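Worksheet: the structure to be examined is printed underneath.
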Amino acid sequence: WWDLPNAYLLNVGLDACSPIPANAGKYMSSDGGVNWSRIDTGLTWETGWSDCPHARGIPDGGVANALSGKGEYWVTSQFVWRYTAGKFTNAFSTNVGPGRWLTTGIDNAVPVCIADAQSAGTLYAGYYDLGLWRTQDGGVSWMMINPSLPGWNGFGGNASCVVADSARPGVLWAAIGESSKAPYMFRVYRSTDSGGSWGQISTGLPLTAFLYGLSMDRLSPVATRKLWVTANGALYYSTDDGGTWQPASTGGGLPTTGHLVT
């Protein structure tokens, strides 16, 4: 980009990590691009809650240019960065308390799932890696509400689906991957306080399975909701609010493997 009279460029590929390679960092040309000098190695640039290779992905140039044409911003599918005080710093969130965040920008692409509690502007959103988030003001602000998962150090989870029970304020279920690497151990969790605390309710479900398509039968008894979910493509159901699960595919007519997503 140009910031007259100088030109600048960044090399922030996945290799721009420790040890910093000689071709990484920020460069400047004062003669129209004929000669370049390295003015910042990138050694002090932040990496957020991630590690360097994952944090420094391929920049989304169009998004960054829309924010500014002078190179102050660097945007990837995970993070928004801002060049200030001689380095790139995180511009994607503001810390508002231990283990809780208020989002102010792009956070790890887009939500995978969303649920409307139909109560006072409360919605829930699930992301891969970032896990579960909640808003109680119609989307103006968001808070992370993940259960404590050792594989994510308490700050994430692969949330593939979330369901809110509008008949019982604060009751919701979510399918979350407990591990950040294979085998991806997805489990079903239930909360009765809008995600403030969680209990794992996966009896009868296979452990090393991807869980998708979690849904609730809204005509079932409120205290013993009937729920459905797919585990590695096979359909399972619960008739006791998610306490126990059994396969629905054993009687014939449904595939037991594949890609069911209810």
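Each reported figure results from applying straightforward, stated rules to the coordinates on display, with no laboratory input. Since the model is a prediction, treat every value here as computed from it, not as a measurement. Glycine also receives a Cβ, built like all others from the backbone with ideal geometry; neighbour counts cover every protein chain displayed.
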- So what's the net charge close to residue 120: Lys and Arg +1, Asp and Glu -1, counting the other residues with Cβ under 13 Å from its Cβ? -1
- Query: What is the local net charge at residue 218, summed over the other residues whose Cβ is closer than 9 Å to its Cβ (Lys, Arg +1; Asp, Glu -1)?
  - Reply: -1
- Note on the structure: Excluding residues fewer than 8 positions from residue 87 in its own chain, the lysines with Cα under 28 Å of it are 26, 70
- Please give the net charge around residue 88, taking every other residue with its beta carbon less than 12 angstrom from that of residue 88, where Lys and Arg add +1 and Asp and Glu add -1. +1
- Message: Below 8 Å between Cα atoms, with a sequence gap of 6+, how large is the relative contact order for the stretch 119-158 in percent?
- Response: 38
